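> The structure is given below, and queries will be raised subsequently.
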Amino acid sequence: MKIRTLSALAVLSLILCLMMLAACSISDGQPQANSEPVAPSQVSDFDTLYAQNCAGCHGARGLGGASISLDDPVYLDIVDEATMRKVVANGVRGTSMPAFAQHAGGMLTEQQIDVITSGIFSRWGHKQVLDGANPPSYAAKAAGNVGHGRLVFGTFCASCHGSDGAGTPKGSAITNDSFLALVSDQALRTIVITGRPELGAPDWRGNVPGRPMTDQEITDVVAWLASRRAKNPGQPYSASNDTQQSKAQHREK
Ligand code: HEC
Ligand code: HEC
């Protein structure tokens, strides 16, 4: 009887052991070969890199973000890949465009920056939309003339942005301190050349139908906008807040 109980126990524990072994060999809880998480620096797929790093500001498919569209064949016809790569690697100082290269404090490897920039061109560019249109150059070739820029603004921009750039229902305010403080001269130039097609802003050919802007007109209007930039954009606000506050305190006394 005693022996039988013992051997029953032995059989039982053997069964238990086998069950545990079986449980161990089942891949329960173990990652499948293809489910291992990829280290951030190893991600090499354009869609993932774009979604994680750019979509928040430039739109999910390169369109409709707060910043300019990258899915814009006009833009991709005027900018070259090396220039874009530099912007993505180093960012644009003084604006919200971050530096992505590790040497500039970003999180992306050189290879990942290559994947993103060449991906933007292969996916959204190369449409030859400007064949024969002789577009203005991406970068300004000369210094702008502020006085002439003001006249250019009146001719090409005032109809939508107002005579002094304070905005109309057809186009927002673009000469206010907060806007100008956060945008570079190059971004202004880019927008004048490309427009914001997804928002109904015409490119350099469409402000005045049948009268494309010349390279110099673009340079000059950007110089005028830049001349409206406040030197210390934070100052007027805090100064006037201080004044209001001290007035309020004065009244309380
Ligand atoms: C936090 C918002 C933000 C993120 C994220 C961001 N950008 Fe930008 N980007 C901007 C802003 C704002 C500008 C305009 C900067 C300026 O004033 O020159 C800009 C400008 C650019 C330009 C230059 C446009 C021109 O005038 O030629 C390129 C190219 C660009 N971004 C690509 C990218 C790519 C690619 C990514 C992802 C790797 C990215 N950006 C992520 C905000 C962002
Ligand atoms: C036919 C109307 C129209 C004309 C003409 C026009 N724009 Fe615009 N512009 C727009 C619209 C619409 C937008 C996008 C929505 C907005 O910001 O109001 C825009 C956007 C902009 C922006 C970006 C504003 C932002 O908040 O990101 C700038 C800068 C700009 N325009 C400059 C100019 C300049 C400079 C000219 C003249 C060379 C010009 N525009 C001519 C309609 C126009």
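The values are calculated or read from the model by the stated rules, or taken from the named source; none is laboratory data. Quantities reported herein were computed from a predicted structural model and do not represent experimental measurements. Because the Cβ atoms are built from the backbone with ideal geometry, glycine has one as well, and the counts that use them run over all protein chains shown.
> For the stretch 74-122, how many residues meet the condition of being assigned to a helix (DSSP H, G or I) and closer than 19 Å to Thr190 by Cβ?
Final tally of qualifying residues: 19.
> Let me ask something additional. Name the one entry in Asp47, Asp71 that is part of a helix (DSSP H, G or I), free of Cβ contacts under 8 Å to residues at least 60 places away in the same chain and farther than 16 Å from Pro98 by Cβ.
Asp47
> Here are some conditions: (1) without any contact (Cβ under 8 Å) to a residue 60 or more places away in the chain; (2) within 26 Å of Asp77 (Cβ to Cβ). Leu180 meets all but one. Which one does it not meet?
Failing condition for Leu180: (2).
> Of the residues Ala60, Ala51, Ala101, only one is surrounded by fewer than 14 Cβ atoms within 10 Å (Cβ to Cβ) and modelled with pLDDT of 95 or more; which? Steps first, answer last, please.
On the way: Ala60 fails: modelled with pLDDT of 95 or more; Ala101 fails: surrounded by fewer than 14 Cβ atoms within 10 Å (Cβ to Cβ).
Exactly one of Ala60, Ala51, Ala101 is surrounded by fewer than 14 Cβ atoms within 10 Å (Cβ to Cβ) and modelled with pLDDT of 95 or more, namely Ala51.
Yes/no matrix, rows are residues, columns are (1) within 27 Å of Lys231 (Cβ to Cβ); (2) of a type outside the set (S, T, N, Q):
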residue: Val146; (1), (2): yes, yes
residue: Cys157; (1), (2): yes, yes
residue: Lys170; (1), (2): no, yes
residue: Ser184; (1), (2): yes, no
residue: Ala187; (1), (2): yes, yes
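> Looking only at the stretch 95-114, which residues are more than 16 Å from ligand 2 (Cβ to nearest atom), under 16 Å from the mean Cα position of the chain (by Cα) and β-branched (Val, Ile, Thr)?
Result: Ile113, single match.
> What helices (runs of 4 or more DSSP H) completely inside the stretch 134-222 contain at least 2 residues that are away from ligand 2 (no atom under 12 Å from the Cβ), over 27 Å from Gly94 (Cα atoms) and not assigned by TED's automatic domain parsing to the domain that holds Gly59?
none
> Kindly check whether there is at least one residue in the stretch 148-164 that is crowded, with 16+ Cβ neighbours inside 10 Å, touching a residue at least 60 places away in the same chain (Cβ under 8 Å) and within 24 Å of the chain's Cα centre (by Cα).
No - not one qualifying residue is present in the stretch 148-164.
> Right, next: Looking at (1) modelled with pLDDT of 95 or more; (2) over 18 Å from Gly165 (Cα atoms), which is the one condition that is false for Pro197?
Failing condition for Pro197: (1).
> Kindly evaluate Leu130 against the criterion of being part of a helix (DSSP H, G or I), within 16 Å of ligand 1 (Cβ to nearest atom) and in contact with a helix residue (DSSP H, G or I) (Cβ under 6 Å, 6 or more places away or on another chain).
no
> Now a separate question. Only one residue in Ser122, Ser67 is in contact with a helix residue (DSSP H, G or I) (Cβ under 9 Å, 6 or more places away or on another chain) and more than 25 Å from Ala140 (Cα to Cα). Which one?
Ser122
> While we're looking at this one, here's another question. Kindly establish whether Met97 is within 13 Å of ligand 1 (Cβ to nearest atom) and touching a Gly at 6+ places or on another chain (Cβ under 6 Å).
Taking the combined requirement at face value, the residue satisfies it.
> Okay, next question. Give just the number: which of (1) in contact with a Pro (Cβ under 6 Å, 6 or more places away or on another chain); (2) more than 16 Å from ligand 2 (Cβ to nearest atom) does Ile78 not satisfy?
Only one criterion in (1) in contact with a Pro (Cβ under 6 Å, 6 or more places away or on another chain); (2) more than 16 Å from ligand 2 (Cβ to nearest atom) is unmet by Ile78, namely (2).
> Further, regarding this structure: Just checking, how many residues over the stretch 83-125 are under 28 Å from Arg229 (Cβ atoms) and not basic (Lys, Arg)?
Qualifying residue count for the region: 19.
> Another question, then. Quickly run through the stretch 200-221 and pick out the residues that are under 18 Å from Ser172 (Cβ atoms) and more than 15 Å from ligand 1 (Cβ to nearest atom).
Those that are under 18 Å from Ser172 (Cβ atoms) and more than 15 Å from ligand 1 (Cβ to nearest atom): Gly200, Pro202, Gly206, Asn207, Val221.
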